[in-house]
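Student: Take this structure first; my questions come after.
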Amino acid sequence: MPAKSLYKSLLIWRAKHISHKQFVYFLSILVGFTSGVGAVVLKNLTHFIQHLLEGRLVQYYHHAFYFLFPIIGFTLVYLIIKYIIRNKVSHGIPSTLFAIAKRKGVMKQYQMFGSILTAPITVGFGGSVGLEGPTVATGAAISSNIARMFHMNQKTKNLLIGCAAAGALSSIFKAPIAAIVFAIEVFSLDLTIASMLPLLLASLSAIMTSYFFFGSDILLPFRIEDHFKASDLPFYAILGIFAAFTSIYFTEAYERIQKLFKKIDSPIKRLLVGGAAIGVLIYFIPPLYGEGFDVMNNLIAGKPEKALVNNFLHLDLNNVWIVIGLLAGLVFFKIIASAITFGAGGVGGIFAPTLFMGSIMGNCIAKVLNNTVLINNQISESNFTLVGMAGLMAGVLHAPLTAIFLIAELTGGYELFIPLMLTATISFAITKYFYPHSVYSMELGRKGELITHDKDHAVLTLMDINKVIETNFIPVNPEMTLGDIVHKAVVKSSRNIFPVIRSKDQTLKGIILLDDIRQVMFDQSLYDEIKAEEVMQNPPEIIDIERDKMTDIMKKFQDSNAWNLPVVRNNVYVGFISKSKLLTAYRRKLINITH
């Protein structure tokens, strides 16, 4: 039987024997499994490359190879993207959010393997980014294409993308509850029974896959030894404030460096500039190499000297203030290294850099507090290291609940729940005030294309402006006489509005309403005397298809009380949008995403 016929028979059998709800449950398990496998492949490929390069070349030949690795890595990534993938590989989570917001949950097929081919090379050769974003993007692309294959609607596609995100994080961190919270918080999924069970199944499927391949190994193996004391709460509040301003620095540095690289036209130049810059940073500051989980584990275990042993100045690590200075330097330079990695053409995520900076910041603040006369009792440096991670996640990713539950699950209990909540809340609130959108959603947020938990805004964002434009209006030109308007437009049109368009460049000059010419249109003596430009009027508002978002269009209708508004693109007339058609499309979209 041909493959196409078999596929058609499968679809018919599924429709007859399996309900939609049951099939979504099955797909969520499948998506969780594929996300788990994606995480395994990405992690193993990266570790294989790092082991090969760091273990052999650096150990047996020379430390200077650190300088060469990033340029080699970025070159390989550039060649793979240009000659094998032949499409731009966007950053993981932002590209997934874009697919949900503007592509109806559709992700292209190359996105299923694009990150798998490029992210391990980026990170393995020293790119200072993480693998979490690429893992989410890979799982999301697979889930989107599975949903398309079985003709799922937009709401189900979006849910399965959320399931893929939950599966990816569950598999990486072995934190299934935090993974579900992450999917709901970052992808703005509705928290209902209909969405909760698929998310649970995907998260469970992914973590079982992870246990099957990795056993009980976890990225941050740690159990809390120092108990939380209520007297430490003011210091956790201070940590929250520092986390907020570190998050603001993270976001600002990331955005500015991205803008600098966008000014470089040639991808080859970006690659060389970025590769050389990362090479210099890694040569002098080896802990910036790759994801940095080894550094985090050393800090949590109370062994900062292990993380800093290769400092190029060969400073005395027995002096605590030198250690604090070196740790502060790592916080400062990590986001610079990460942003340069992205700017140079590397593929990765910002989840790991966020954890890296948060852990070091927390450890640094604890050391400062413990070595000043401000406090009588020593505070737990390991606890501050963990809570620092949550503080920065809450600020940078705008995901305070994910931050709280992830650290709680990683540490195997809820001993730190109160300080986690306090630090994450303060960090999130301050950062949100300065930056309304996270690094993930900044670009979409600025354009008003971000899906949020605000249902009205979400529906408007998902609507396609091109589908509500009507073009069955007969245009007239400014020089046209009243007689021509009557015979060539009024008689032939089913509409009572006529756009006045300049023939030379098709720009909109005004509009004529039937009411504007009703009193003179039957007086034939005026047919050659009155011209269109004499009876036309300015439209109450004009919709610019390139600039106006759907929320702006709704506001223009509301402010003008008009029933039809003209649409232009670069001042060229396109058509009209009617309020009735817009509201009908809104109602249909609302029904589509809520049922």
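The values are calculated or read from the model by the stated rules, or taken from the named source; none is laboratory data. The structure presented is a predicted model; accordingly, all values stated were derived computationally and were not measured. Positions of Cβ are backbone-derived with ideal geometry, glycine not excepted, and every protein chain shown enters the neighbour counts. For the accessible areas, the whole protein counts, side chains as well, though only heavy atoms, and no ligand, DNA or RNA atoms are used. Shrake-Rupley method; radii C 1.70, N 1.55, O 1.52, S 1.80 Å.
Student: Please determine whether any residue of the range 157-173 is modelled with pLDDT of 80 or more, open to solvent by 70 Å² or more (accessible area, probe 1.4 Å) and either in contact with an Asp or Glu (Cβ under 8 Å, 6 or more places away or on another chain) or farther than 17 Å from I407 by Cα (or both).
Tutor: no
Student: Just one of the numbered conditions (1) hydrophobic (A, V, I, L, M, F, W, C); (2) surrounded by 24 or more Cβ atoms within 10 Å (Cβ to Cβ); (3) in contact with a Lys or Arg (Cβ under 8 Å, 6 or more places away or on another chain); (4) closer than 30 Å to I285 by Cα is not true of I81; which one?
Tutor: Unmet for I81, out of (1) hydrophobic (A, V, I, L, M, F, W, C); (2) surrounded by 24 or more Cβ atoms within 10 Å (Cβ to Cβ); (3) in contact with a Lys or Arg (Cβ under 8 Å, 6 or more places away or on another chain); (4) closer than 30 Å to I285 by Cα: (2).
Student: While we're on this one: Condition first: over 22 Å from F428 (Cα atoms), buried (at least 20 other Cβ atoms within 10 Å of the Cβ), under 28 Å from the mean Cα position of the chain (by Cα) and modelled with pLDDT of 90 or more. Can you find one or more residues in the range 210-226 that meet it?
Tutor: For the range 210-226, residues over 22 Å from F428 (Cα atoms), buried (at least 20 other Cβ atoms within 10 Å of the Cβ), under 28 Å from the mean Cα position of the chain (by Cα) and modelled with pLDDT of 90 or more: absent.
Student: Now for a separate question. Could you check how many residues of the range 472-491 are open to solvent by 60 Å² or more (accessible area, probe 1.4 Å) and farther than 22 Å from K581 by Cα?
Tutor: 4
Student: Return the total of residues in the range 8-36 being aromatic (F, W, Y) and open to solvent by less than 80 Å² (accessible area, probe 1.4 Å).
Tutor: Residues that pass the stated criteria total 2.
Student: Can you tell me which condition R588 does not meet? The list is (1) outside any loop (DSSP other than H, G, I, E, B); (2) charged (D, E, K, R); (3) within 30 Å of I100 (Cβ to Cβ); (4) touching a strand residue (DSSP E or B) at 6+ places or on another chain (Cβ under 8 Å), and all the others hold.
Tutor: (4)
Student: Name the residue, out of I12, I18, that is at pLDDT 75 or above, of a type in the set (V, I, T), more than 22 Å from G133 (Cα to Cα) and out of contact with any helix residue (DSSP H, G or I) (no Cβ under 9 Å at 6 or more places or on another chain).
Tutor: Criteria check complete, one pass: I12.
Student: How do the pairs read when you match residues in the range 94-116 that are under 22 Å from L76 (Cβ atoms) and touching a residue at least 12 places away in the same chain (Cβ under 8 Å) with residues anywhere that are charged (D, E, K, R) and open to solvent by 10 Å² or more (accessible area, probe 1.4 Å), using Cβ under 9 Å and keeping only pairs 6 or more apart or on different chains?
Tutor: Y110/R86; G114/K88; G114/K108
Student: Listed residues T341, T354; which is within 17 Å of A244 (Cβ to Cβ) and of a type in the set (S, T, Y)? Break it down stepwise before answering.
Tutor: Details: T341 fails: within 17 Å of A244 (Cβ to Cβ).
That would be T354, the only listed residue that is within 17 Å of A244 (Cβ to Cβ) and of a type in the set (S, T, Y).
Student: Oh, and also: For the range 545-567, which residues satisfy the criterion of being closer than 11 Å to I465 by Cα and part of a strand (DSSP E or B)?
Tutor: Passing the criteria: only V567.
Student: Within the set of pairs 6+ apart or on separate chains, which have a first residue in the range 522-535 that is open to solvent by less than 40 Å² (accessible area, probe 1.4 Å), a second that is at pLDDT below 80, and C-beta atoms under 8 Å apart?
Tutor: Listed pairs, sorted by first residue: V535/D516.
Student: Determine, yes or no, whether M521 is at pLDDT 85 or above and among the aliphatic types (A, V, I, L, M).
Tutor: Spelling it out, it is not the case that M521 is at pLDDT 85 or above and among the aliphatic types (A, V, I, L, M).
Student: E185 - would you say it is open to solvent by 10 Å² or more (accessible area, probe 1.4 Å) and at negative phi?
Tutor: It is true that E185 is open to solvent by 10 Å² or more (accessible area, probe 1.4 Å) and at negative phi.
Student: Follow-up. May I ask you to list the residues in the range 121-167 that are under 16 Å from the mean Cα position of the chain (by Cα) and of a type in the set (V, I, T)?
Tutor: Answer for the range 121-167, where residues must be under 16 Å from the mean Cα position of the chain (by Cα) and of a type in the set (V, I, T): V129, T135, V136, T138, I161.
Student: Taking into account only those residues within the range 386-403 that are open to solvent by 10 Å² or more (accessible area, probe 1.4 Å) and in a helix (DSSP H, G or I), which is nearest to I238 (Cα to Cα)?
Tutor: P400
Student: What pairs come out if I take residues in the range 3-24 that are of a type in the set (F, W, Y) and pair them with residues that are in a loop (DSSP other than H, G, I, E, B) and modelled with pLDDT of 80 or more whose C-beta lies under 8 Å away, six or more apart or interchain?
Tutor: Cβ pairs passing all conditions: F23/F150.
Student: Further question on the same structure: Condition first: at pLDDT 90 or above, of a type in the set (A, V, I, L, M, F, W, C) and open to solvent by less than 60 Å² (accessible area, probe 1.4 Å). Can you find one or more residues in the range 58-70 that meet it?
Tutor: The answer is no, given that none of the residues of the range 58-70 is at pLDDT 90 or above, of a type in the set (A, V, I, L, M, F, W, C) and open to solvent by less than 60 Å² (accessible area, probe 1.4 Å).
Student: Sticking with this one: Somewhere in the range 568-583, is a residue farther than 30 Å from D464 by Cβ and either open to solvent by less than 60 Å² (accessible area, probe 1.4 Å) or assigned to a helix (DSSP H, G or I) (or both)?
Tutor: Keep residues of the range 568-583 that are farther than 30 Å from D464 by Cβ, which gives none.
Checked against the condition, which is being farther than 30 Å from D464 by Cβ and either open to solvent by less than 60 Å² (accessible area, probe 1.4 Å) or assigned to a helix (DSSP H, G or I) (or both), the range 568-583 yields no hits at all.
Every residue, every condition in (1) closer than 24 Å to K104 by Cα; (2) in contact with a helix residue (DSSP H, G or I) (Cβ under 7 Å, 6 or more places away or on another chain), yes or no:
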residue	(1), (2)
E546	yes, no
Q558	no, no
N570	no, no
A585	yes, yes
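Student: Moving on. Among (1) under 21 Å from L582 (Cβ atoms); (2) touching a Phe, Trp or Tyr at 6+ places or on another chain (Cβ under 7 Å), there is one condition R569 misses while meeting the rest; what is its number?
Tutor: The number of the failed condition is (2).
Student: In addition: Can you spot a residue in the range 359-374 that is modelled with pLDDT under 90, in contact with a strand residue (DSSP E or B) (Cβ under 9 Å, 6 or more places away or on another chain) and surrounded by 24 or more Cβ atoms within 10 Å (Cβ to Cβ)?
Tutor: no
Student: For S143, indicate whether it is within 26 Å of L27 (Cα to Cα), in contact with a helix residue (DSSP H, G or I) (Cβ under 6 Å, 6 or more places away or on another chain) and either touching a residue at least 60 places away in the same chain (Cβ under 8 Å) or surrounded by fewer than 17 Cβ atoms within 10 Å (Cβ to Cβ) (or both).
Tutor: yes
Student: Are there any helices (runs of 4 or more DSSP H) wholly within the range 70-159 with 2 or more residues that are hydroxyl-bearing (S, T, Y) and touching a Ser or Thr at 6+ places or on another chain (Cβ under 8 Å), and if so which? Outline the logic, then answer.
Tutor: Details: elements: 92-102, 111-124, 132-149.
By residue number, 111-124, 132-149.
Student: Which of the residues belonging to the range 536-567 are within 30 Å of M521 (Cα to Cα), of a type in the set (S, T, N, Q) and surrounded by fewer than 17 Cβ atoms within 10 Å (Cβ to Cβ)?
Tutor: Q537, N538, S560, N561
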